[in-house]
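Engineer: Dropping the structure in here first, questions after.
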């Protein structure tokens with residue numbers, strides 16, 4: 001990892017107001033909006049006594065990762081290839097992989113910071129308890145981040161231009177939002193649907209985060225699904241990514 | 001002393017089509033060496049192999065004695081490159097770009113005097129995406145020089161620049177050479193090659209069609225001297241066609257333009273004297289590199 005490249009990429013990230021808003025602020029903002037609806041702060045018997053706002057904290061945590069993996073990362077990486085920025089770097093003693101890894105570190109870091117912000121605001125403003133199994137929560141979060149960065153790299157590998165990356169990214173983004181539980185938290189999904197969603201990376205992540213939040217060690221089947229996605233997507237990205 | 005760049009029998013094909021087909025040349029320390037050729041001749045592929053950005057299918061390349069693919073990091077420290085169709089991050093300012101690229105090299109040049117020399121001092125806080133084409137090209141030259149290289153490769157540097165910016169850039173390239181850096185210049189502008197290069201390799205269809213000084217290239221082409229005049233009376237076509245070493249003959253609005261060698265000129269003058277024909281507005285000029293280039297790449301297009 002080249003620190004000069006990392007510093008530069010972080011600085012450039014901060015110059016993208018849209019990326020800062022959608023990845024860092026939007027998930028917490030959404031939580032704030034939902035939490036301001038009184039019904040969301042009432043315990044719901046169908047959710048085992050949880051309030052909807054409790055169920056939406058893990059969703060908010062996942063939205064940042066989803067923004068990163070399906071929207072921001074593929075756009076940036078594809079743009080770097082399309083405009084010859086990776087090629088220009090190949091002509092220096094630093095290899096272009098330094099640029100990719102710096103970009104992933106920045107985006108992964110911002111997504112995790114955004115998750116932390118959502119957890120804190122949930123705790124302070126809406127009195128949502130912090131995860132009762134923090135180790136399991138962190139593990140699930142890191143696996144989800146790995147799967148999401150790998151997803152972003154695969155989408156960039158499959159997109160020749162930033163336009164294509166935008167189109168494929170959106171096509172992936174909305175189903176993944178559904179799986180993460182944006183419209184209906186996974187706890188509320190009918191049993192069969194929840195099972196199917198549990199095989200997708202963000203569905204499995206949502207299940208694992210819910211379990212860890214409630215104090216249980218996340219189920220190995222969910223962690224396993226996440227890890228498998230991370231490995232497969234990374235292998236796909238390594239196989240298909242083109243430097244120019 | 002060994003040449004600073006040696007290319008021997010370089011070969012590279014894309015999808016079975018040979019793009020570079022046995023190119024050899026050597027660049028000496030301190031010269032401006034031009035690679036000239038029509039579009040699609042294999043110029044860029046050749047220099048990308050020299051830069052280590054592409055792996056040759058065959059042949060041998062040495063840059064300061066090193067293999068650009070196997071010793072990529074070392075070669076990249078010795079050789080600075082300006083690439084065709086490549087950019088840097090749009091929101092990076094000129095100063096940040098210079099600082100970032102300086103951090104890539106073990107012994108970078110101080111970027112302040114470099115920016116000064118390239119007229120970028122007033123633009124240090126401007127983002128790359130907001131620079132004009134000429135300013136972007138100057139930044140690319142600066143980035144090619146920032147590592148303190150022995151060699152710079154400039155690929156179609158002045159394409160897309162207006163004539164004024166192009167001339168300014170030529171001056172810059174001469175300054176770069178004057179500071180002891182060897183320049184490998186890819187171009188399709190004859191005027192640029194003629195003005196700047198010590199030696200030129202003309203590449204056509206993936207092969208070196210000729211390699212010489214600009215004057216040598218002009219001299220060796222069939223129509224090195226051009227004579228034109230308006231004769232006071234018509235001249236016999238057969239006698240004109242029989243002129244020695246004649247390369248071409250052209251009639252336009254009663255004006256004759258002949259190209260050939262000095263021998264042709266002498267014979268034309270004798271012919272005119274013999275028929276007591278006066279040559280109005282007589283001009284005898286050396287052919288330009290343009291003419292030589294067209295002559296050298298003629299068979300390929302025919």
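Engineer: Give me a count of the residues in the stretch A:1-25 that are buried (at least 18 other Cβ atoms within 10 Å of the Cβ) and farther than 16 Å from residue A:105 by Cα.
Structural biologist: 1
Engineer: Which count do you get for residues in the stretch B:158-169 that are on the phi < 0 side of the Ramachandran plot and touching a helix residue (DSSP H, G or I) at 6+ places or on another chain (Cβ under 6 Å)?
Structural biologist: Keep residues of the stretch B:158-169 that are on the phi < 0 side of the Ramachandran plot, which gives B:158-159, B:161-169.
Checking the rest, the ones that are also touching a helix residue (DSSP H, G or I) at 6+ places or on another chain (Cβ under 6 Å) come to B:158, B:161, B:165.
Summing the residues that are on the phi < 0 side of the Ramachandran plot and touching a helix residue (DSSP H, G or I) at 6+ places or on another chain (Cβ under 6 Å) in the stretch B:158-169 gives 3.
Engineer: Sort out which residues of the stretch B:51-73 are within 24 Å of the chain's Cα centre (by Cα) and within 11 Å of chain A (Cβ to nearest Cβ), and write them in order of number.
Structural biologist: If the condition is that a residue be within 24 Å of the chain's Cα centre (by Cα) and within 11 Å of chain A (Cβ to nearest Cβ), then B:51, B:52, B:53, B:54, B:68 are the ones that fit.
Engineer: Please verify whether residue B:164 is more than 30 Å from residue B:66 (Cα to Cα) and either modelled with pLDDT of 95 or more or facing chain A (nearest Cβ under 10 Å) (or both), treating the condition exactly as stated. Show your work before the answer.
Structural biologist: Working: more than 30 Å from residue B:66 (Cα to Cα): yes; either modelled with pLDDT of 95 or more or facing chain A (nearest Cβ under 10 Å) (or both): no.
Criteria not met by residue B:164.
Engineer: Looking only at the stretch A:160-175, which residues are surrounded by fewer than 22 Cβ atoms within 10 Å (Cβ to Cβ) and either in contact with a helix residue (DSSP H, G or I) (Cβ under 8 Å, 6 or more places away or on another chain) or not in a helix (DSSP H, G or I) (or both)? Let's see the steps before the verdict.
Structural biologist: Filtering the stretch A:160-175 for residues surrounded by fewer than 22 Cβ atoms within 10 Å (Cβ to Cβ) gives A:160-164, A:166-168, A:170-175.
Within the stretch A:160-175, A:160, A:161, A:162, A:164, A:166, A:168, A:170, A:172, A:173 qualify.
Engineer: Something else now. Could you check residue B:95 against (1) surrounded by fewer than 19 Cβ atoms within 10 Å (Cβ to Cβ); (2) more than 10 Å from chain A (Cβ to nearest Cβ); (3) under 29 Å from the mean Cα position of the chain (by Cα) and say which number it fails?
Structural biologist: Every condition holds for residue B:95 apart from (3).
Engineer: Scan (1) farther than 19 Å from residue A:172 by Cβ; (2) within 14 Å of chain B (Cβ to nearest Cβ) for the single condition residue A:47 breaks and write down its number.
Structural biologist: Unmet for residue A:47, out of (1) farther than 19 Å from residue A:172 by Cβ; (2) within 14 Å of chain B (Cβ to nearest Cβ): (2).
Engineer: To continue, here is another question. What number of residues within the stretch B:98-120 are in a helix (DSSP H, G or I) and surrounded by 14 or more Cβ atoms within 10 Å (Cβ to Cβ)?
Structural biologist: Pass one, the stretch B:98-120, residues in a helix (DSSP H, G or I): B:98-102, B:111-117.
Narrowing further to those that are surrounded by 14 or more Cβ atoms within 10 Å (Cβ to Cβ): B:98-102, B:111, B:114-115, B:117.
Total meeting the criteria: 9.
Engineer: Something else now. When you scan the stretch B:150-168, do you find a residue that is in the same structural domain as residue B:79 (by the TED database), under 13 Å from residue B:187 (Cα atoms) and assigned to a helix (DSSP H, G or I), even just one?
Structural biologist: For the stretch B:150-168, residues in the same structural domain as residue B:79 (by the TED database), under 13 Å from residue B:187 (Cα atoms) and assigned to a helix (DSSP H, G or I): present.
Engineer: Quickly run through the stretch A:144-174 and pick out the residues that are within 14 Å of the chain's Cα centre (by Cα) and over 13 Å from residue A:69 (Cβ atoms).
Structural biologist: Passing the criteria: only A:174.
Engineer: Among what's in the stretch A:10-34 and is in a helix (DSSP H, G or I), over 18 Å from residue A:56 (Cβ atoms) and more than 19 Å from the chain's Cα centre (by Cα), pick the residue that is farthest from the other protein chains (Cβ to nearest Cβ). So that I can check it myself, show each step before the final result.
Structural biologist: Kept after step one, since they are in a helix (DSSP H, G or I), are these residues of the stretch A:10-34: A:10-14, A:17-34.
Subset that is over 18 Å from residue A:56 (Cβ atoms): A:10-14, A:17-21.
Adding the requirement that they be more than 19 Å from the chain's Cα centre (by Cα) leaves A:11-12.
Working: A:11: 7, A:12: 5 Å.
The selected residue is A:11.
Engineer: Is at least one residue of the stretch A:82-102 more than 14 Å from chain B (Cβ to nearest Cβ) and either within 27 Å of residue A:239 (Cα to Cα) or in contact (Cβ under 8 Å) with a residue 12 or more places away in the chain (or both)? Spell out how you get there, then give the answer.
Structural biologist: From the stretch A:82-102, those more than 14 Å from chain B (Cβ to nearest Cβ) are A:101; that's our starting set.
Filter once more, so that each one left must be either within 27 Å of residue A:239 (Cα to Cα) or in contact (Cβ under 8 Å) with a residue 12 or more places away in the chain (or both): A:101.
Among the residues of the stretch A:82-102, at least one is more than 14 Å from chain B (Cβ to nearest Cβ) and either within 27 Å of residue A:239 (Cα to Cα) or in contact (Cβ under 8 Å) with a residue 12 or more places away in the chain (or both), which makes the answer yes.
Engineer: Could you count how many residues in the stretch B:79-92 are more than 7 Å from chain A (Cβ to nearest Cβ), surrounded by 20 or more Cβ atoms within 10 Å (Cβ to Cβ) and farther than 18 Å from residue B:161 by Cβ?
Structural biologist: Kept after step one, since they are more than 7 Å from chain A (Cβ to nearest Cβ), are these residues of the stretch B:79-92: B:79-80, B:82, B:84, B:90.
If we keep only those that are surrounded by 20 or more Cβ atoms within 10 Å (Cβ to Cβ) too, we end up with B:79-80, B:82.
Of the ones still in play, those that are also farther than 18 Å from residue B:161 by Cβ are B:79-80.
Adding up the residues that qualify gives 2.
Engineer: Still on this structure: Just checking, does the stretch A:54-76 include any residue being assigned to a helix (DSSP H, G or I) and within 14 Å of another protein chain (Cβ to nearest Cβ)? Let's see the steps before the verdict.
Structural biologist: Going residue by residue through the stretch A:54-76, those that are assigned to a helix (DSSP H, G or I) are A:54-76.
Going one step further and asking which of them are within 14 Å of another protein chain (Cβ to nearest Cβ), we end up with A:75-76.
Within the stretch A:54-76 (the criterion being assigned to a helix (DSSP H, G or I) and within 14 Å of another protein chain (Cβ to nearest Cβ)), the answer is yes, since at least one residue qualifies.
Engineer: Can you name the residue in the stretch B:121-131 that is part of a helix (DSSP H, G or I) and in contact with a helix residue (DSSP H, G or I) (Cβ under 6 Å, 6 or more places away or on another chain) and is also farthest from the other protein chains (Cβ to nearest Cβ) among such residues? Please lay out each step first, then the result.
Structural biologist: So the first thing to find is which residues in the stretch B:121-131 are part of a helix (DSSP H, G or I), and the list is B:121-123, B:128-130.
Next cut, in contact with a helix residue (DSSP H, G or I) (Cβ under 6 Å, 6 or more places away or on another chain) only: B:121, B:123.
Values: B:121: 21, B:123: 17 Å.
Once the filter is applied, the top-ranked residue is B:121.
Engineer: Identify the single condition in (1) within 9 Å of another protein chain (Cβ to nearest Cβ); (2) modelled with pLDDT of 95 or more that residue A:114 does not satisfy, given that it satisfies every other one.
Structural biologist: (1)
Engineer: So if I check each of B:38, B:2, B:18, which one is more than 14 Å from chain A (Cβ to nearest Cβ), over 27 Å from residue B:292 (Cβ atoms) and modelled with pLDDT under 95? First the steps, then the outcome.
Structural biologist: On the way: B:38 fails: over 27 Å from residue B:292 (Cβ atoms); B:18 fails: over 27 Å from residue B:292 (Cβ atoms).
Result: B:2 is the single residue among B:38, B:2, B:18 that is more than 14 Å from chain A (Cβ to nearest Cβ), over 27 Å from residue B:292 (Cβ atoms) and modelled with pLDDT under 95.
Engineer: I'm told residue B:147 meets every condition in (1) closer than 17 Å to residue B:44 by Cα; (2) in contact with a strand residue (DSSP E or B) (Cβ under 9 Å, 6 or more places away or on another chain); (3) assigned to a loop (DSSP other than H, G, I, E, B) except one. Can you identify the failing condition by its number?
Structural biologist: For residue B:147, the failing item is (1).
Engineer: Of B:240, B:235, B:246, B:258, which residue is touching a residue at least 12 places away in the same chain (Cβ under 8 Å) and part of a strand (DSSP E or B)? Walk me through it before giving the result.
Structural biologist: On the way: B:240 fails: part of a strand (DSSP E or B); B:235 fails: part of a strand (DSSP E or B); B:246 fails: part of a strand (DSSP E or B).
Testing whether each residue is touching a residue at least 12 places away in the same chain (Cβ under 8 Å) and part of a strand (DSSP E or B) leaves just B:258.
The values are calculated or read from the model by the stated rules, or taken from the named source; none is laboratory data. Note that the coordinates shown come from a computational prediction; the quantities given were computed from them, not determined experimentally. Quick reminder, even Gly has a Cβ in these numbers, built from the backbone with ideal geometry, and neighbours come from all protein chains shown.
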